[in-house]
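Inspection log for the structure reproduced underneath, given as structure tokens.
The values are calculated or read from the model by the stated rules, or taken from the named source; none is laboratory data. Quantities reported herein were computed from a predicted structural model and do not represent experimental measurements. Please note: Cβ atoms are built from the backbone with ideal geometry, for glycine as well, and neighbour counts cover all protein chains shown.
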Amino acid sequence: MIEFLTGLAANPDAQGGNPLTQMLIFFVPIILIMYFFMIRPQKKKQKEHQMMLASLKNGDKVITNSGIIGTIAGIHDDQNKIVLKVADQVKIEFVKSSIAGLMQDQ
């Protein structure tokens, strides 16, 4: 048994090839799977969210990440803020990125 192990240590090609090649064969498919199932859909969702934020206008009914529902009363693109009207004479400023989405008319 010891002769076998020392023979393998002396001759790395006896183990079945280049370890770098074996590692690439193992990791490349894992990286591709992670890209197609995790990274790509997340980037697509982020792009859609950015497009939705860019298309907001006064009067749109939106929901924030914290669950507050309101109507857009003002947009300040230079400050990256949105003013939401949540009740009569009650307006709250939010960072534009905290808008989760548009509310569907029900």
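Some values worked out for this structure:
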{"item": "From Gly70, Gly59, Gly74, residue being over 14 Å from Gln104 (Cα atoms) and among the small types (Gly, Ala, Ser)", "result": "Gly74"}
{"item": "Complete set of residues in region 35-87 that are among the acidic types (Asp, Glu) and either at pLDDT 95 or above or under 19 Å from Met103 (Cα atoms) (or both)", "result": "Glu48, Asp60"}
{"item": "Options Lys43, Lys81; residue that is of a type in the set (D, E, K, R) and in contact with a Phe, Trp or Tyr (Cβ under 8 Å, 6 or more places away or on another chain)", "result": "Lys81"}
